[in-house]
Amino acid sequence: MNALLKTWGPGLGLAVAACAVLPWVLPPYWIYLAIAAVVSGVLMQSYGVIVGRAGVMSLCQMSFAAIGAWVVLRLNLADAPGGLLLWLVLGGLAAVPVGVAIGLPALRIRGVNLAVVTLGFAVSTDIVLNANQFPGTAELKTVVRPGPFSSDAAYFVLAMTVFVLIAVGLALVNRTRIGRSWLELRHSERAAAAHGISVARSKLTAFAISAFIAGIGGGLMAGQLGLVVSGNFAMMQSLALFAVAVLIGPHNTEGAVLGGIFGAVMATILEKLRLPQDLGGILFGVMAIFALRSGVSQTDFTRARRRERAARPLLEAAVPAEEPAPLPPATGEGNVLEVRGLSVRFGQVVALDGVDLTVPALGVCGLIGPNGAGKSTLISAVTGFAARYEGSVVLAGQPLDRLSPSVRARRGLRRTFQTTAIASELTQEEYLAIVAGRRLPAAETEEVLRFFGCPPGEVPVSILDAGTRRLLDVAAAIAARPKVALLDEPAAGQSAAESLRLGRRLAQVPARFGVSILLVEHDMDLVRAACGQVTVLDFGHVIASGPTLDVLDAPAVRAAYLGTVLEETS
């Protein structure tokens, strides 16, 4: 709570000052524009959830706003009890099931294809609204505002209060697992599933919450204008606000404010300053070029630079991690992971053929083989990412077959990927919390990071080099405390010395953190340092399995994996 107040204190102070001062110093027309800017800011917060946080291309948010406005106007026409404040909530709730229905295609499609689906809904909404007037239009019955907020000056205070409540509510949601999962979705759905996040639940929740906020925004617009027409929610409005969302970043509160101002009052400001209207288009174009060059929105870029400046001293002052004191080898009973008769086919190509593999409890097992041997395919099949396979996967005595990747991850089977996909706007400690699925105590966070040689947790991911990001990915997988962590080439991008150091640390993970490891690697020095036993694949078949040194010295392994050159020079 203290951290939340520290973050939101200045913003809340500005909001209170705006409510206390602006209604009394601005002329009526500018108060009207200020209301429009705040209402637009509420709508931008809807885009902030679905576009900014979840990274989904939704082009129909104004259609959800139209639903909220329709409900408010219908209840107003019927003189329903509760008044506008209750009607706003009901309008938002009415948009939720429609938002979920529109979100269902997002479980199968994404990117431009999903944008086409949402755009189609926006077009359909346009057709319906043009053919059917909003309630109260024929009767000319305008929305009745609550008594204390009947004037425009007071309605500005109401709109600002709604904006702040939504902003604080989203800030609290963003601190939960479901809120943090949206950032994972934006960068990699596969990584999110590997971290135990239900992609379907996260996407549908994002659509539902964004539709709820948009519905409230539409209701606020109805309260501001008294009556609305279809043009207020036209498809082009959705497209324009989507473009503003991508460029400015309304998932940050300052971005929602700027987006609201840009969308509602920029033209009037330019007119009052006697500046050409084309200047707004020029500013929009400059921001577009900036967003394309940086790959992030304006507010994301500003926040990232601010966090990086604050973290640079921490990174520079960080001392190299000392080699952790060795612990006695951990001993466990039996095998924690058993793979039996695993076969994977891609059409006529047999990637894996009847593979058997075990990982002992509290042990480190290596999986090696030449390129194309089927190592990554085995990892994908075991963790549920391969669509179909034959055989069985058993974790701690429980079969995992037919379970999704996210369920397997929650059961205690975690993996890393050869290419990291970590949201650069996160700090290391935030990323560990996302992967672990819980807020880690500061001491535990620093222990895991220090063990793997990562800088302090406050350091943002954006200033980490590629090698450190891979270490962070490994640290996060271990911090989740799974039964087995499957690490796919974690030493890629590191020097020989760093790779060997990582191998020695991985060897201690079972004793320190109670996690067994299946390690896929090409670096034989790392494999020797980390692994107690090794399984070797070649063309989808197991050609050797057993104690590490015995397997690596086997003639068949040296011929298939290490090559004849080493055999001649040995």
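The values are calculated or read from the model by the stated rules, or taken from the named source; none is laboratory data. What you see is a predicted model, and the numbers here were worked out from it, not measured in a lab. Reconstructed Cβ throughout: ideal geometry from the backbone, glycine too, with neighbour counts over all protein chains shown. SASA here: full protein model, heavy atoms, side chains in, ligands and nucleic acids out. Shrake-Rupley method; radii C 1.70, N 1.55, O 1.52, S 1.80 Å.
Numbers for the structure displayed
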item	result
Exposed-loop-free span, longest in the chain, where trypsin sites (Lys or Arg not before Pro) count as exposed if DSSP calls them loop and at most 10 other C-beta atoms lie within 10 Å	403-570
Antiparallel content of DSSP bridges confined to the chain, in %, to 5	60
Principal-axis tilt of helix 496-513 within the chain, Cα atoms, nearest 10 degrees	80
233, 262, reordered so the largest accessible area comes first (probe 1.4 Å)	262, 233
Estimated distance in nm for a label pair at residue 142 and residue 371, the labels positioned 7 Å out from Cα along Cα-to-Cβ	7.2
Amide hydrogen neighbours beyond the local backbone of residue 457, cut-off 5 Å, H modeled	none
Residues in region 225-257 that a label on residue 173 would reach, taking backbone N under 19 Å of a point 7 Å out along Cα→Cβ	242, 245-246, 249-257
Identified option (computed volume of the Cα convex hull per residue in Å³; candidates (1) 208; (2) 144; (3) 183)	(3)
Surface accessible to a 1.4 Å probe, residue 178 within the full protein complex, Å²	50
Rounded FRET efficiency, nearest 0.05, which uses the C-beta distance separating residue 345 from residue 100 and R0 of 25 Å	0.10
Accessible surface ranking that places the most exposed of 30, 70, 24 first, with a 1.4 angstrom probe	24, 70, 30
Nearest 10 degrees, 0 to 90: helix 28-47 Cα axis against the chain principal axis	20
Heavy atoms of residue 525 accessible to a 1.4 Å probe, total area in Å² rounded to 10	90
Nearest-0.05 FRET efficiency for residue 387 and residue 447, computed from C-beta distance (R0 56 Å)	0.90
Stretchable slack from residue 512 to residue 394, in nm (0.36 nm times residue separation minus alpha-carbon distance)	40.1 nm
Spin-label model distance (nm) - residue 465 vs residue 495, 7 Å beyond Cα toward Cβ	0.8
Point-to-point label distance, residue 116-residue 190, nm (Cα→Cβ direction, 7 Å offset)	2.4
Distance between region 175-192 and region 98-153 - C-alpha centres, whole angstrom	27
Angle in degrees between helix 83-103 and the longest Cα principal axis of the chain, rounded to the nearest 10	40
Amide H contacts of residue 534 (H built 1.01 Å from N, under 5 Å, at least 5 apart or other chain)	366, 546, 548
Accessible-area order (highest first, 1.4 angstrom probe) of the listed residues 112, 56, 123	112, 123, 56
